[in-house]
Amino acid sequence: MTLTLRELTVRYGGHAALDRVDLEVADGEVVALVGESGCGKTSLARALLGLLPATAEVSGSAVLDGEELAGRTGWGGVRGRRIAILPQGAMSGLSPVHRIGAQVEEMLALHGGSAAPGDLLERVGLKAAMLGSFPHELSGGQRQRVAIALALAGEPRLLVADEPTTGLDALTQRQVLALLASLDIGMLVVSHDLSGLLPYADRVAVMYAGRLAEVRQARELRGESAHPYTLGLLTATPVADRAVEWGSIPGAAPALGHGLSGCAFAPRCPLALDRCREEEPSLAAHGEALVACHRPAERPAYPVVPRAVESPGTPVVSASGVRHVYPGRARTVEALRGVGLEIRSGEIVGLVGESGSGKSTLARILLGLVRPTAGRVEVSGQDLAVRRGRALRQVQRRTGFVHQDPYDALHPGMRVASLVSEPLALAGVPRRDRPARAREALEAAGLSGDFMPRFPGQLSGGQRQRVSIARALAGDPVLLVADEATSMLDVSTRAGIATTLRSLAVSRGLAVLFVTHDLGEAVQSCDRIVVLRSGEVVEQGPAASLAASPSHEYTEQLLGASLLL
């Protein structure tokens, strides 16, 4: 089996989202297609499967085993059989009212697969007994494995995996990627996580603004990356090692139909010359790789994420002996078991652990959204457990919250000005004072006042998250809780958000609780780290010392999953 792309182009409204892409995937080869959101990765994946909208214009060629896929209209016997997709968010795409066995049998019948349902589950590392389970009874990693089994039901020759690890904790991400690499079928893995894919891919294709920037063997890329954008992606991946600085790519990827001349990366590239802005580089051989750059192999310097320079102030959050139990008909779940936590003004504390460890429950308790079963929780000296109604709301106004999903957190029909001003209206701030307060909060979050009249649909994921930060800042809080606030963003965007949070902690004396499943990001951006497992704090301490000398086996496992391999 070989997939061969030649001059593959996808246009929306006359603008190229994918521009003359040449690429091959051989039988049994794992090719990682990486780049930021909007670079054309998903358009390429959908073009191969006939899932583009009717308004898309496709030209060029995409041949799989002699079958032309580009512009194809009839997909019987091809999609699901010769080529299958593992879609983004697959673990939440399972039917919640049907057992796993019924869903596997449906896919086998639909695509004519010959495997037994139990054998299919065992191939992806699950027990056949799980056929009788419902999706909600499985962990995120187990649901993702079921999604992989469904994609394999038709015994495809090529699997297209679109962001297969988004939303999973670091340990589960590595397990899923290792499973995919072991399947021994041709695979195109689409992701923004370049570093995470390197140990499992055979080749890497780096895409920017619809074009390939670099194609080379994965094992060579870390030491010999030739395109400045590739190095930028590696630099922007947080590593659980304070000796390695975490950098960010300035600016943002160009929008569709950007109309830029020359190299599309030139406005963000520290190495750009006049030639780069005037003459578009072609993909040409550079050693063993293909690179589209006028200055290959020169290593640019990117700005690094700052760390604390001052000692933290007085305690803002003080929690001790916090327990929380979720009652249920069949069984009760003890989400937190005697957790203690302190956050001081000007300090960023990382709360790290796998999905289900109790991180979000603790965050909600600190926000006053959940009352703990036992224990004491104080914010600015006020005990949340004994406050009700108006007294509780007064404390809550001193806290800000940044949601995990920047796409669901903002009302699509409200302008940025209204979104940021809404908390001020709820707090009773006079109408005449709200525009200035909203603009101030927006600028503190890293956006200019020019964004005030825009709608969320006109913003990138990173810009939306900055609007969420501005909403949280509008009420002048003493505590900011960021719950997985960067998990759905590109690595370059994540570094920029981390820089903004550090600036806010230092300039405003803000206490920040940074909830994340990525220990590498916590090591790079936080002052102290609290490691939570199954509702218990297993280790906590300064970020640098915890990364250099962990004392708990679980922390060592998280470090191993976060380090560059």
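Output the number of residues of the range 449-482 satisfying the condition of being out of contact with any strand residue (DSSP E or B) (no Cβ under 8 Å at 6 or more places or on another chain), under 19 Å from Gly413 (Cα atoms) and of a type in the set (D, E, K, R).
The qualifying residues number 4.
Taking Glu29 as meeting all but one of (1) farther than 13 Å from Met187 by Cα; (2) within 29 Å of the chain's Cα centre (by Cα), write down the number of the exception.
The number of the failed condition is (1).
Would you point out which residue out of Ala17, Ala45 is of a type outside the set (D, E, K, R) and in contact with a helix residue (DSSP H, G or I) (Cβ under 6 Å, 6 or more places away or on another chain)?
Ala17
Suppose we filter the range 81-128 for residues that are open to solvent by 40 Å² or more (accessible area, probe 1.4 Å) and either at positive phi or of a type outside the set (A, V, I, L, M, F, W, C) (or both); how many remain?
18
Quick check on my filter: what residues within the range 1-48 are assigned to a helix (DSSP H, G or I) and either of a type in the set (Phe, Trp, Tyr) or under 16 Å from Arg72 (Cβ atoms) (or both)?
Listed by number, the residues that qualify are Ser43, Leu44, Ala45, Arg46, Ala47, Leu48.
Looking at the range 20-41, which of its residues are surrounded by 20 or more Cβ atoms within 10 Å (Cβ to Cβ) and in contact with a strand residue (DSSP E or B) (Cβ under 6 Å, 6 or more places away or on another chain)?
Val21, Leu23, Val25, Val30, Val31, Ala32, Leu33, Val34, Gly35, Cys39, Gly40, Lys41
Looking at the range 543-565, which of its residues are in contact (Cβ under 8 Å) with a residue 60 or more places away in the chain and in a helix (DSSP H, G or I)?
Ala543, Ala544, Ala547, Ala548, Gln557, Leu558, Leu559, Ala561, Ser562
Mind listing just one residue for me: the one in the range 2-19 that is at negative phi and small (Gly, Ala, Ser) and, of those, least open to solvent (accessible area, probe 1.4 Å)?
Ala17
Hey, among Arg219, Arg203, which residue is open to solvent by 20 Å² or more (accessible area, probe 1.4 Å), among the basic types (Lys, Arg) and at pLDDT below 90?
Within the list Arg219, Arg203, the selection yields Arg219.
Looking at the range 145-219, what strands (runs of 3 or more DSSP E) fall wholly within it and have at least 2 residues that are charged (D, E, K, R)?
Here the list reads 211-217.
With (1) open to solvent by 20 Å² or more (accessible area, probe 1.4 Å); (2) in a loop (DSSP other than H, G, I, E, B); (3) in contact (Cβ under 8 Å) with a residue 60 or more places away in the chain; (4) of a type outside the set (Val, Ile, Thr) as the list, and Pro238 as the residue in question, which single condition is left unmet?
(1)
Tell me which strands (runs of 3 or more DSSP E) are completely within the range 264-379 and hold 3 or more residues being modelled with pLDDT of 90 or more and surrounded by 14 or more Cβ atoms within 10 Å (Cβ to Cβ), or say none if there are none.
Where strands (runs of 3 or more DSSP E) fall fully within the range 264-379 and carry at least 3 residues being modelled with pLDDT of 90 or more and surrounded by 14 or more Cβ atoms within 10 Å (Cβ to Cβ), they are 289-291, 315-326, 333-344, 348-352, 374-379.
Checking the conditions here, which among Leu233, Leu256, Leu271 is more than 23 Å from the chain's Cα centre (by Cα), in contact (Cβ under 8 Å) with a residue 40 or more places away in the chain and farther than 21 Å from Val512 by Cα?
None of the other options fit; the residue is Leu271.
Picking from Gly74, Gly60, which residue would you name as being more than 24 Å from the chain's Cα centre (by Cα), crowded, with 18+ Cβ neighbours inside 10 Å and not β-branched (Val, Ile, Thr)?
The unique qualifying residue is Gly60.
Can you tell me how many residues within the range 380-391 are assigned to a loop (DSSP other than H, G, I, E, B) and among the basic types (Lys, Arg)?
So the count comes out to 2.
Give just the number: which of (1) without any contact (Cβ under 8 Å) to a residue 60 or more places away in the chain; (2) open to solvent by 30 Å² or more (accessible area, probe 1.4 Å); (3) over 23 Å from Thr4 (Cα atoms); (4) in a loop (DSSP other than H, G, I, E, B) does Leu131 not satisfy?
That leaves (4) as the condition not met.
Looking at (1) free of Cβ contacts under 8 Å to residues at least 24 places away in the same chain; (2) buried (at least 24 other Cβ atoms within 10 Å of the Cβ), find the lone condition where Ala161 falls short.
(1) is the only condition that Ala161 fails.
Mind counting the residues in the range 90-128 that are touching a Ser or Thr at 6+ places or on another chain (Cβ under 7 Å) and part of a loop (DSSP other than H, G, I, E, B)?
Going through the range 90-128 one residue at a time, the tally reaches 1.
Going by the structure shown, is Gly262 more than 27 Å from Thr555 (Cα to Cα), under 22 Å from the mean Cα position of the chain (by Cα) and free of Cβ contacts under 8 Å to residues at least 24 places away in the same chain?
Answer is no for this residue.
Okay, residues lined up against (1) open to solvent by 10 Å² or more (accessible area, probe 1.4 Å); (2) under 26 Å from Thr235 (Cβ atoms):
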position	(1), (2)
Ala470	no, no
Thr493	yes, yes
Ala505	no, yes
Gly509	yes, no
Ala522	no, yes
Arg528	yes, yes
Glu536	yes, no
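Could you pull out the residue among Gly428, Gly457, Gly446 that is among the small types (Gly, Ala, Ser), open to solvent by 10 Å² or more (accessible area, probe 1.4 Å) and closer than 22 Å to Leu513 by Cβ?
Result of the check over Gly428, Gly457, Gly446: Gly446.
Collect the residues in the range 381-410 that are within 21 Å of the chain's Cα centre (by Cα) and either at positive phi or not aromatic (Phe, Trp, Tyr) (or both), keeping them in residue-number order. Show your work before the answer.
Step one: list which residues in the range 381-410 are within 21 Å of the chain's Cα centre (by Cα), which gives 401-410.
Passing the criteria: Val402, His403, Gln404, Asp405, Pro406, Asp408, Ala409, Leu410.
Would you confirm whether any residue within the range 70-93 is modelled with pLDDT under 95, of a type outside the set (Lys, Arg) and within 18 Å of His15 (Cα to Cα)?
yes
Sort out which residues of the range 405-425 are closer than 24 Å to Ile497 by Cβ, surrounded by fewer than 20 Cβ atoms within 10 Å (Cβ to Cβ) and free of Cβ contacts under 8 Å to residues at least 60 places away in the same chain, and write them in order of number.
Step one: filter the range 405-425 for residues closer than 24 Å to Ile497 by Cβ, giving 405-412, 414-424.
Now restrict to residues that are surrounded by fewer than 20 Cβ atoms within 10 Å (Cβ to Cβ): 405, 407-409, 411-412, 414-415, 417-418, 422.
Within the range 405-425, Asp408, Ala409, His411, Pro412, Met414, Arg415, Ala417, Ser418, Glu422 meet the criteria.
Which residue pairs have Cβ atoms under 8 Å apart, sit 6 or more places apart or on different chains, and have a first residue in the range 461-479 that is farther than 14 Å from Ala427 by Cβ and basic (Lys, Arg) and a second that is outside any helix (DSSP H, G or I) and open to solvent by less than 30 Å² (accessible area, probe 1.4 Å)?
From the range 461-479, the pairs are Arg464/Pro406; Arg464/Leu410; Arg466/Ala445; Arg466/Leu447.
The values are calculated or read from the model by the stated rules, or taken from the named source; none is laboratory data. Predicted model only: the values in this text are computed from it and were never measured. Neighbour counts run over all protein chains shown; Cβ positions are idealised from the backbone, glycine included. These accessible areas exclude ligands, DNA and RNA; they are computed on the full protein's heavy atoms, side chains included. Shrake-Rupley method; radii C 1.70, N 1.55, O 1.52, S 1.80 Å.
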